[in-house]
Structure formats: C-alpha cells, structure tokens
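Chemist: Take a look at the following structure, please.
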Amino acid sequence: MVPFRQATRTWFLISLQTFGGPAGQIAVMQRHLVDERRWIGQRRFLHALNYCMLLPGPEAQQLAIYIGWLLNGLRGGLVAGSLFVLPGVAALLGLSALYVGLGDTTVVTGLFAGLAPAVVAIVAQAVWRVGRRALTGPLLVGFAVGAFAALAVLGLPFPLVIALAAVTGWVVHRSRPAMLKGGGERHGGTTDGPPPLIPDQGLHHDPPSARRTAAVLAIGLTAWFLPIALVAATTGTGSVYTQQGLFFSGTAVVTFGGAYAVLSYVAQRAVEHYAWLSAPDMVHGLALAESTPGPLIMVVQFVAFLGAYHHPGALNPWLAGVVASLLTTWVTFVPCFLLVLLGAPHVERLRGNHALSAALTAITAAVVGVIANLGLYFALHTLFATTHTLTTGPLHLQLPDPGTLRLVPVLITGVAAFLIFRSRWPVLRVLGTSATLGLMAGLTHLPGT
C-alpha cells in the first residue's frame, strides 16, 4: 500500500540522519514513519521494536528491516536494512583509509588526542543511561556487578558472561519470578498516536510454516557463510580474512544490549589475541564510528581494515583492508536480516514467552557491567601511557602505571564529561569540541598528545 519507490526514497532519507546511537535512530524512524507519513501506527511500531529488542545485533537496523518488511514485503525489508547501513559503511571505509594513511601527522594525532578522551566520557554516559533503565532491583544490580567482576577481575570471555546471565535469569524466573520484576519496558512511551493511513490488516504478513522457515534458513545461512568459505578457499583457513569472517560472525550473534556490550570482547580479542590493532587504535575507531551515520557496531569495519592492512598476506595492504572491511560488514549485518525475516511471523508467540523475557532482563542487567568494563578498558589506555597485567590464580587484572598519567587526556575527559552530563550536549558536538581541544594541544606540543 506504500509505493516501493517512495518507500525507498524515504529509507534513504532516514539513512542520512541515523546519528546519535539507537535512541536517536529509533526517534528518526518514529518521526518519519509514524508521526509524519503515518505509514504505521504507534502500537505496531512498538510491537516491532519490542521484538527487535529480543534479538542480538543493532536493534535500530533490525527495526528498519522489520518495518520495511511490513510495508513492502521481502524486498522492502532488504532495501530498508541495507540503506540503513550503507552511508555509514562508505563513510567509515573512507575514514579508515585516511586514518591509516595520515595517522602519523601532527594534525591527525592531535585530533585523536581529543577524540579518545571524549569516548571515555561517552561510554560513561552509556553506563549511566543503560543502568538507570535496566537496574531496577537489587538482583539486577547484582547481575551488573557480577558481570563487571567476571570480565575485569577474572578475565572471563564475554560470550560466557552473557550465557551465564541468561541461564541464571531463566533459573530465577522458574523459582522466584518476582525477583526479576521491574526490568520492564526498555523503551517508554505511550501506545497512542496518530491513526495510521494503513490499517494493521493491510500490512504485509507471512503465515508461519516449516517450508518458509527452511527456505529463509537455507538462503540466509548460505548468504552468510558463502563469502567466508570463498575467502578460506582462496587465502587459507589461517588467513586474517578467514579469522575475521569467523570471529565477527560469532560476535554478531552475541551482541545483546547494544554495540558497547560486545566491544569489550572485540577489543580484548582484536588487540590482545589477534594483534590486529593497538588499544589506542581501538579507541580511535570507536570515535570515528560515533561520528558517522549508522549503527555503532560499524566500528568492527575499522578493526577489520586495520587488521588486514597490518597482515595482508599476498594482497596489497590497501586492497586487503577494503576486502576485510567489506567482509566483516557483510557477516555482521546479514545475521540481522536472517533473524528478523525468520522470526517475524512468530513474533506474537515470542513476545509472550515469559521465560525468554526473564533471561533477556538478566542479560540487559549484565550488559551494564560489560559496558562499565569497556569504559575501564578505554580509560586505562587513554589516560595512562602504559599498563600491565597482573595474573594471580584466577585473578586477571589490568593495572595502570600511575607515573604515566597523561594530563591533557584527563582534562579533555573532564570537559567532555561536563558537556555530556551537565550541559547535555549531543555526541557530535562533544566530539567536535574535544577534537578541537586535542588539535590545539597537539599543535602547541603539549605532553600527552
């Protein structure tokens, strides 16, 4: 009932405004699709959003796929989801190349000397926002503290922490369901709104069936893993391209609670295990991803570019970076299409599953601790010149060298935190101000830049 060409133009317009993280991206879709064009009602919009919140991956992009599917069927979902990420892919690919080519210049070094401290303040804001929404009871606070300790003190891997939180939440629901009450709605707002031009029965729907499920699974899994198989066949199973394809395919299915949650795991493995990039590079990549449209998880594209550039194998380093960047983007976002298109016909049954909701409530609480660990990781590598790892029995602590505290990043972090928490400036303005301060410090050759 919405002309496909008109819907495509609208999704392209939305894709150019997807700054500010998932909350801002969802708000953009709300304004264009519900408030202005009235293509879908508020209740149906929130219905779709609640389902996407159950899935791993960027919820705003999955919401675009879901609503595109409702409006124009399969091709609508594919176009909406693809356009949602394409501007960010193009922008970050160009920025990654510029970073590699110009990263040693005084100007670029100064800019990132300001951006990295801003990222520390932005992650702190994410901890505050998610924690205020998710930690509504003592048990949920315990999940967050436990997750932080498991990562920062015991060094447990991120997927294991998420799995333990899910299982514990399910067990608590079975024995003491009242203890998990109050996790509640993660996106507030009334279900009232302007009446939609398209009634619910006019939206696209597919009856759930075994045949449809098998077809979506077969096509989706083939599209997901065929590029990895081709890369493994041409470059070898031990190449950086195969490693990245498999690694980021795994992270795509454990990204509950937003990109900040999984980035702690990505940073740990990419920096310490695979040595694809350095810890400061990881912080700089997050700053670039914060300044481009699209989901924040796009930062994995930057990680892949630098990893392949540093370990190109038989390819030219620049070509290697582009190949790895596009492959990583593919395996990160194809699962989003698969999960949404596979589960959409069953969404009502899934939303009524209280045990699943309890597990996800526990995961959301644990994610607060995961994001806090990410903030600690970035703070250590931004505010101190050197760190060391203390390993004693089960303890695995990363500690700073107090004598290497960098005063300029500390001051810029303080300014960024003030602008975010007190002045409530938007992220892009904070990044611009911090980059300017870093550039000024770099041009005047202050220590710590």
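The values are calculated or read from the model by the stated rules, or taken from the named source; none is laboratory data. All values derive from a computational prediction rather than experimental measurement. Cβ: placed from backbone, ideal geometry, glycine included. Neighbour counts: every protein chain shown. Remember, those area values only see protein heavy atoms, side chains included, never the ligands or the DNA or RNA. Shrake-Rupley method; radii C 1.70, N 1.55, O 1.52, S 1.80 Å.
Chemist: Picking from P280, P295, which residue would you name as being touching a Gly at 6+ places or on another chain (Cβ under 8 Å) and modelled with pLDDT of 85 or more?
Modeler: Residue meeting the stated conditions: P295.
Chemist: Looking at (1) open to solvent by 10 Å² or more (accessible area, probe 1.4 Å); (2) within 13 Å of the chain's Cα centre (by Cα), which one does A275 not meet, given that it meets all the others?
Modeler: (2)
Chemist: Quick check on L315: is it in a loop (DSSP other than H, G, I, E, B), open to solvent by 10 Å² or more (accessible area, probe 1.4 Å) and modelled with pLDDT of 90 or more?
Modeler: Numbers: in a loop (DSSP other than H, G, I, E, B): yes; open to solvent by 10 Å² or more (accessible area, probe 1.4 Å): yes; modelled with pLDDT of 90 or more: yes.
Yes: the conditions hold for L315.
Chemist: How many residues are within 14 Å of A359 (Cβ to Cβ), of a type in the set (A, V, I, L, M, F, W, C) and either in contact (Cβ under 8 Å) with a residue 12 or more places away in the chain or touching a helix residue (DSSP H, G or I) at 6+ places or on another chain (Cβ under 8 Å) (or both) when one looks only at the stretch 158-184?
Modeler: Total meeting the criteria: 10.
Chemist: From the list L115, L93, which residue is open to solvent by 20 Å² or more (accessible area, probe 1.4 Å), closer than 26 Å to R424 by Cα and more than 16 Å from the chain's Cα centre (by Cα)?
Modeler: Of the residues listed, the single one that is open to solvent by 20 Å² or more (accessible area, probe 1.4 Å), closer than 26 Å to R424 by Cα and more than 16 Å from the chain's Cα centre (by Cα) is L115.
Chemist: Taking the criterion of being outside any helix (DSSP H, G or I), surrounded by fewer than 22 Cβ atoms within 10 Å (Cβ to Cβ) and without any contact (Cβ under 8 Å) to a residue 40 or more places away in the chain, would at least one residue in the stretch 144-157 satisfy it?
Modeler: So in the stretch 144-157, the residues outside any helix (DSSP H, G or I) come out as 153-157.
Checking which are surrounded by fewer than 22 Cβ atoms within 10 Å (Cβ to Cβ) leaves us with 153-157.
Next, from what is left, pick out any that are without any contact (Cβ under 8 Å) to a residue 40 or more places away in the chain: 156.
Checked the stretch 144-157: at least one residue is outside any helix (DSSP H, G or I), surrounded by fewer than 22 Cβ atoms within 10 Å (Cβ to Cβ) and without any contact (Cβ under 8 Å) to a residue 40 or more places away in the chain.
Chemist: Please specify each residue of the stretch 36-74 satisfying the condition of being surrounded by fewer than 21 Cβ atoms within 10 Å (Cβ to Cβ), over 15 Å from C336 (Cβ atoms) and modelled with pLDDT of 80 or more.
Modeler: E36, R37, R38, G73, listed by residue number.
Chemist: Let me ask something additional. Out of (1) surrounded by fewer than 23 Cβ atoms within 10 Å (Cβ to Cβ); (2) within 18 Å of H381 (Cβ to Cβ), the odd one out for T136 is which?
Modeler: That leaves (2) as the condition not met.
Chemist: Please pick out the residue among V340, V370, V347 that is in contact (Cβ under 8 Å) with a residue 60 or more places away in the chain, surrounded by 18 or more Cβ atoms within 10 Å (Cβ to Cβ) and more than 19 Å from the chain's Cα centre (by Cα). If you could, list the steps in order and put the result at the bottom.
Modeler: Values: V340 fails: more than 19 Å from the chain's Cα centre (by Cα); V370 fails: more than 19 Å from the chain's Cα centre (by Cα).
Checking each option against the conditions leaves just V347.
Chemist: May I pose another question? Residues being open to solvent by less than 40 Å² (accessible area, probe 1.4 Å) and either of a type in the set (V, I, T) or in contact with an Asp or Glu (Cβ under 7 Å, 6 or more places away or on another chain) (or both): count how many of those fall in the stretch 214-227.
Modeler: Number of matching residues: 1.
Chemist: Let me ask you something else. Could you list, in sequence order, the residues of the stretch 399-424 that are under 18 Å from V127 (Cβ atoms) and surrounded by 16 or more Cβ atoms within 10 Å (Cβ to Cβ)? Break it down stepwise before answering.
Modeler: So the first thing to find is which residues in the stretch 399-424 are under 18 Å from V127 (Cβ atoms), and the list is 413-414, 416-422, 424.
If the condition is that a residue be under 18 Å from V127 (Cβ atoms) and surrounded by 16 or more Cβ atoms within 10 Å (Cβ to Cβ), then T413, A416, A417, L419, I420 are the ones that fit.
Chemist: With respect to the numbered conditions (1) modelled with pLDDT of 85 or more; (2) within 21 Å of T109 (Cα to Cα); (3) open to solvent by less than 10 Å² (accessible area, probe 1.4 Å), which one is the sole condition not fulfilled by L286?
Modeler: Of (1) modelled with pLDDT of 85 or more; (2) within 21 Å of T109 (Cα to Cα); (3) open to solvent by less than 10 Å² (accessible area, probe 1.4 Å), only one is false for L286: (1).
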